[in-house]
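Report on one structure; see the data block that follows.
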Amino acid sequence: MKISDTPNTSSTITGFILLGFPCPREGQILLFLLFSVVYLLTLMGNGSIICAVHWDQRLHTPMYILLANFSFLEICYVTSTVPNMLANFLSDTKVISFSGCFLQFYFFFSLGAVECFFLAIMAFDRYLAICRPLHYPTIMTRRLCTNLVVTCWILGFFWFLIPIIIISQMSFCGSRIIDHFLCDPGPLLALTCTRAPVVELTSSTLSSLLLFIPFLFIMGSYALVLRAVLRVPSAAGRRKAFSTCGSHLAVVSLFYGSVMVMYVSPTSEHEAGMQKMVTLFYSIVTPLINPVIYSLRNKDMKHAMKKLLGT
């Protein structure tokens, strides 16, 4: 991994500079305090869901086991970016090492891939529960649930592995400044000595497949769920069926809405400010909101949370 002033001469350097959110020192301290609070609330919210599912026997079902694993994933997801962001707010140099940059790149995008797959299997679980209620206990067994969770993690961590390894072996020329708060492939590829259209195409294709395959699967699952719910004769039955899906649909809308703005919108790649704000929303704000969505819209989870908090 090298950087040079011209394509013909190269010298090894210590890393890149993450600009983050440029502002006066006082603003950096305020941002540090703000994101510290957001990070702690995210850890507490998702950690509470994990503890509630672990300690409440009534929540030892596939739906809540998946939710607990999803909450653990959210904790890992924010931890891949926020601690380094907090350190940068207090740093004068804002330097991230080569190894640190590419490790963050790998974990951030791998965990994002795992989240896409998780949202898909959570939709599959809701489809089975509503459309195949009599067969649900025999199909969605503890073993199948575990296998699905393990498959999500394995697929997610292998999805971007080859492009990341290739990019990490490329030479970088000129400026080493990344106008972002994390190591993103777009700004990194812009710093390479020579254009790598094959690598860019591969990364773009993998990102598109990762977004659209699970998304289409989720939409297909909920189309079947909607058809089944509309056939339920009682209004109370329809409300109950919709309530079991509402939280998940809200999370899917928040995550995919922001990610698709980021990677599908033709203007997003040209505007660094917009890029940062959208990335900030789906990588930090969404994991903060998710526990609130699941807790407020689910009676069993609300009861378990009250029991956990002793209220």
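For Ile154 and Cys23, what is the calculated FRET efficiency with R₀ set at 41 Å and r taken between the beta-carbons, to the nearest 0.05?
The computed FRET efficiency comes out at 0.50.
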Value at 222 nm in deg cm²/dmol, rounded to 500, when DSSP H runs of n ≥ 4 in the chain each add -39,500 (n - 2.57) = -24000 deg cm²/dmol
ask   = Roughly what angle does helix 286-296 make with the longest principal axis of the chain, taking Cα atoms, 0 to 90 degrees, to the nearest 10?
value = 10 degrees
ask   = For the chain, what is the Kirkwood hydrodynamic radius in Å, using each pair of distinct C-alpha atoms?
value = 21.1 Å
key: Cubic angstrom per residue, convex hull over Cα atoms of region 47-141   = 105 Å³
key: For region 205-210, Karplus couplings with θ = phi - 60° (6.51, -1.76, 1.60), whole Hz, Gly/Pro x   = 5, 4, 5, 5, 4, 5
ask   = Could you give the semi-axes, largest first, of the ellipsoid that matches region 165-210, computed as the square roots of 5 times the alpha carbon gyration tensor eigenvalues and rounded to whole Å?
value = 19, 14, 8
ask   = Which cross-chain or sequence-distant (5 or more) residues have an amide H under 5 Å from the amide H of Phe172, H modelled 1.01 Å from N in plane?
value = Lys2, Ile3, Ser4, Cys193
remark   = Expressed as a percent, the accessible surface of the chain that is carbon or sulfur, using a 1.4 Å probe and the full set of protein chains, is 70 percent
query = What list of ³J(HN,Hα) couplings, whole Hz, do you get for region 138-154 from phi and the Karplus terms 6.51, -1.76, 1.60, once you set θ to phi - 60° and write x for glycine and proline?
reply = 7, 8, 8, 7, 4, 5, 5, 4, 5, 4, 5, 4, 4, 4, 4, 5, 5
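The values are calculated or read from the model by the stated rules, or taken from the named source; none is laboratory data. Note that this is a predicted model, so its numbers are computed, not measured. With ideal geometry, Cβ positions are generated from the backbone for all residues, glycine too; neighbour counts draw on all protein chains shown. The protein model used for the area step is the full one, side chains on, heavy atoms only, and it has no ligands, DNA or RNA in it. Shrake-Rupley method; radii C 1.70, N 1.55, O 1.52, S 1.80 Å.
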